[in-house]
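Working notes, beginning with the structure itself.
The values are calculated or read from the model by the stated rules, or taken from the named source; none is laboratory data. None of these values were measured; they are calculated from a predicted model. Note that each Cβ is placed from the backbone with ideal geometry, even for glycine, and that neighbours are counted across all protein chains shown. Ligands, DNA and RNA are excluded from the accessible area calculation, which covers all protein heavy atoms including side chains. Shrake-Rupley method; radii C 1.70, N 1.55, O 1.52, S 1.80 Å.
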Amino acid sequence: MDHLDIGDARIAFEDRGDTGPPIFFSHGLLMDRSMFEPQIAELSRQFRCITWDERGHGDSTQRGSWTFWDSARDLLALMDHLEIPRAVLAGMSQGGFLSLRAALLAPDRVRALVMIDSQAGPEPPDLIPVYRGMLERWTEEGGDDVVDAVASVILGPVDPSPWKRKWLARDRSWVVEPFNTLVEREDLHDRLSEITCPALVIHGDNDAAIPMEKAESLCTGLPGCEQVVVVAGGGHASNLSHPAQVTTAIRSFLERL
């Protein structure tokens, strides 16, 4: 593991694999770079794979608040640091949110997008009070029932035990800024036409966080989106619940580029 200091943030990352075309993998809310291990184990034989912990997650740090635009700039700064002028960006959920923003900030640097269980819109307004209530219980009480509920939404059929141990080992306040960043993001649907690179959308049809129609809307809005790969029975983290299917879809897409 290596680190890159960017302002007040210290970003942890790993650079592994072949000398082939580079791919940056960006994880989802409350997760970290290790969530892509099933994909890296296979794809690193063929491609240069970079995984990283976003601000406030995993081994990365951050003082104060941030936005997904800040995280997008972190990703571009990491590309600079590694002297990679152009790359494929693969993002799961919030990793997709920041990847879209990176493509808007620097379209010439994004060879293609792989969007896994993600979308272009904001968080549904009617759910935000529910999420705030869960956040309050997590930070004030550390309730296992709240952690169980969050794990169920994110991980679905995947064994949550390793992730729950990570979450509960940290100070309860660590979830506040990632949550605020998530719920305060804006709608990007009216800007998707600006992102013209090839794109692949992968989505579990049993995703409890983002419904399939959001994935279809994302693909429709991206001029270069060739298809939505539906992962039958896949949860929100379909790359973990159905790793072989997701890895195969990514590899096939990359080989066609």
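Within the chain, the longest run free of trypsin sites (Lys or Arg not before Pro) that sit in a DSSP loop with at most 16 other Cβ atoms within 10 Å is 171-257.
Over the Cα atoms of the stretch 1-77, the radius of gyration divided by the Kirkwood radius equals 0.98; this is the Rg/Rh ratio. Using a simple spin-label model with pseudo-atoms 7 Å out from Cα toward Cβ, Val130 and Arg10 lie 3.8 nm apart. Cysteine residues of the chain whose C-beta has no other cysteine C-beta under 4.7 angstrom: Cys49, Cys197.
Accessible area ranking (1.4 Å probe, heavy atoms, ligands and nucleic acids excluded), largest first, for Met1, Met31: Met1, Met31. Taking each residue as 0.36 nm, the span from Asp159 to Ala244 lengthens on full extension beyond its C-alpha to C-alpha distance by 28.9 nm. From the coordinates of this entry, Rg/Rh (Cα atoms, Kirkwood Rh) is computed, and it appears in [x] 1.18; [y] 0.93; [z] 1.28 under the label [y]. Using heavy atoms of the protein chains and a probe of 1.4 Å, the accessible area assigned to Val228 is about 40 Å². Pop out the carbon and sulfur fraction of the accessible area of the chain as a percent, whole number, probe 1.4 Å. Ligands and nucleic acids excluded, carbon and sulfur give 49 percent.
Based on protein heavy atoms only, the chain ends up with 41 Å² per residue of surface accessible to a 1.4 Å probe.
Spatial offset of the stretch 23-58 relative to the stretch 146-196 amounts to 15 Å, using the alpha carbon center of each.
For Trp174, the solvent-accessible surface computed with a 1.4 Å probe is close to 30 Å², ligands and nucleic acids excluded. Ordered from largest to smallest accessible area (heavy atoms of protein chains, 1.4 Å probe), the residues Val230, Val150 come out as Val230, Val150. Its relative contact order, with pairs defined as Cα atoms under 8 Å and 6+ residues apart, puts the chain at 19 percent. Sorting Glu14, Glu37 on solvent-accessible area from highest to lowest, probe radius 1.4 Å, gives Glu37, Glu14. With R₀ fixed at 41 Å, the C-beta to C-beta distance from Ala232 to Arg63 puts the FRET efficiency at about 0.45. The DSSP beta bridges internal to the chain are antiparallel in roughly 30% of cases.
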